[in-house]
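Each remark here refers to the structure printed beneath this line.
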Amino acid sequence: MSFKSSPVVPPLTRPQLAEARRVRAAELFDQGRPGAEIARMLDVVQKSVRRWRRVWEEGGADGLQRRPASGRPPKLDDAQVERVRIALEQGAQAHGFEADLWTLERVGLVVERVTGVTLSRASVWRLLTGRLGWSLQRPERRAVERDESEIARWIAHEWPRIKKGR
């Protein structure tokens, strides 16, 4: 198992899309549009529009903004995550591992060396996939004895002969 950074910007998350919808509703409230029209335009039920309007009337558009996640704060701050990212991009061999493949255990060791923070396997996974945007990459397994030229010859000559015999 190895991990590689993904150059593609990830799409908006569900909470981000919901916030964008509420912010758009606030703009439409400012224009004086009726709730039924806003619900149709944003593809939501009128009950949601009425709830958003109450919040908007009490606190303005700021009341419709997404609130920070509650719960325990992450063990690594943004600066530490950036240091981990730089360390991981150097490759596994640069950190003394025999093969240049990252596993959750190896990443956890590097995180501990770089930041002094110990993470569980699940936390390492969330760090890689969530905060760093990496994805799982499995190495292709191939026999050491594999002979590409012999395979190409067999496909070109033997396979057509066998196929004709059917």
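The values are calculated or read from the model by the stated rules, or taken from the named source; none is laboratory data. Since the model is a prediction, treat every value here as computed from it, not as a measurement. No Cβ is skipped: glycine too gets one built from the backbone with ideal geometry, and neighbour counts run over all protein chains shown. In case anyone asks, the SASA skips ligands and DNA or RNA and just uses the protein heavy atoms, side chains included. Shrake-Rupley method; radii C 1.70, N 1.55, O 1.52, S 1.80 Å.
Some points to look at:
- The stretch 62-121, residues that are open to solvent by 80 Å² or more (accessible area, probe 1.4 Å), polar (S, T, N, Q) and within 30 Å of A18 (Cα to Cα): S70
- The number of residues in the stretch 134-148 being open to solvent by less than 100 Å² (accessible area, probe 1.4 Å) and closer than 26 Å to A87 by Cβ comes to 5.
- Extreme residue, nearest to the chain's Cα centre (by Cα), among residues of the stretch 111-166 that are at pLDDT 95 or above and of a type in the set (K, R): R121
- Close pairs (9 angstrom Cβ cut-off, 6 or more residues apart or separate chains): assigned to a loop (DSSP other than H, G, I, E, B) in the stretch 138-150, modelled with pLDDT under 85 anywhere: R138/M1; R138/S2; P139/M1; P139/S2
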